[in-house]
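Since the structure comes first, as structure tokens, the remarks are kept for the end.
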Amino acid sequence: MGEALKHLPEGAPVEVWFQDEARIGQKNGLVYQWARKGTRPRQPKDQRYANAYLFGAVCPARDKGAAIVMPLADTAAMQAHLDEIGRHVAPGAHALVLLDKAGWHTTRKLSPPANLTLLHLPPRSPELNPTENVWQYLRQTWLSNRVFDSYTHICDACCEAWNKLTAEAGRIASIATREWAAIGQNP
């Protein structure tokens, strides 16, 4: 990590952010639900294929998140998301953004804002990215067992779920804090 941030002035505050994206759509997952013993609760299942991509990043130390909803997961969407993350970094701080090696994360066409440094996680290691747990929480809490009427409703549901997540004090920190990534971080 020292090599990635050697260009920063001594003592500059550094935030650790985790980034990922999730496909949310009409082919939605089902999760367990409570029901009276001996009954079978109904769970809606949609056969249509519209979907959107929720690009999300979290900073567990600050309990903050930044997200956008896009129609595709590509370089343009990733650039828009990096710009969004850059707007959420604390003034005067620099963000180290940990992310996987998806094609749109590694292209030379990306131009991260000056207050971001990208650090790619090793291949096939989703357990190192707590944003995966954020997606699990969003799906279990607000996005599963639903039928979305249209692409617009999918986007609205993604925005609503993300806004509820970020409005719940301490939730991002409780889901995404990793001891190995919190050393030297000020909550």
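A single entry from ARG62, ARG42 fulfils the requirement of being in a loop (DSSP other than H, G, I, E, B), closer than 29 Å to GLU160 by Cβ and at pLDDT 95 or above: ARG62. Taking the criterion of being in contact (Cβ under 8 Å) with a residue 40 or more places away in the chain and in a loop (DSSP other than H, G, I, E, B), would at least one residue in the range 158-169 satisfy it? Yes, that holds for at least one residue. Cβ separations smaller than 6 Å between residues 6+ apart or across chains give the following pairs from the range 98-126 residues that are closer than 16 Å to ALA80 by Cβ and β-branched (Val, Ile, Thr) to residues that are surrounded by 12 or more Cβ atoms within 10 Å (Cβ to Cβ) and modelled with pLDDT of 95 or more: THR107/THR75.
The residue list ARG23, ARG87 contains one member that is at pLDDT 95 or above, exposed (fewer than 14 other Cβ atoms within 10 Å of the Cβ), among the charged types (D, E, K, R) and in contact with a strand residue (DSSP E or B) (Cβ under 9 Å, 6 or more places away or on another chain), which is ARG87.
May I ask you to verify whether HIS88 is under 18 Å from VAL14 (Cα atoms) and without any contact (Cβ under 8 Å) to a residue 24 or more places away in the chain? So HIS88 does not fit the description; no.
The rows are residues; the columns are (1) of a type in the set (S, T, N, Q); (2) in a loop (DSSP other than H, G, I, E, B); (3) closer than 21 Å to LYS64 by Cβ.
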site	(1), (2), (3)
ARG87	no, no, yes
PRO91	no, yes, yes
HIS105	no, no, yes
LEU118	no, no, yes
PRO122	no, yes, no
GLU127	no, no, no
GLN140	yes, no, no
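The values are calculated or read from the model by the stated rules, or taken from the named source; none is laboratory data. Computed from a prediction, not measured in an experiment: that's the story for all the values here. We place every Cβ from the backbone using ideal geometry, glycine too, and count neighbours over all the protein chains shown.
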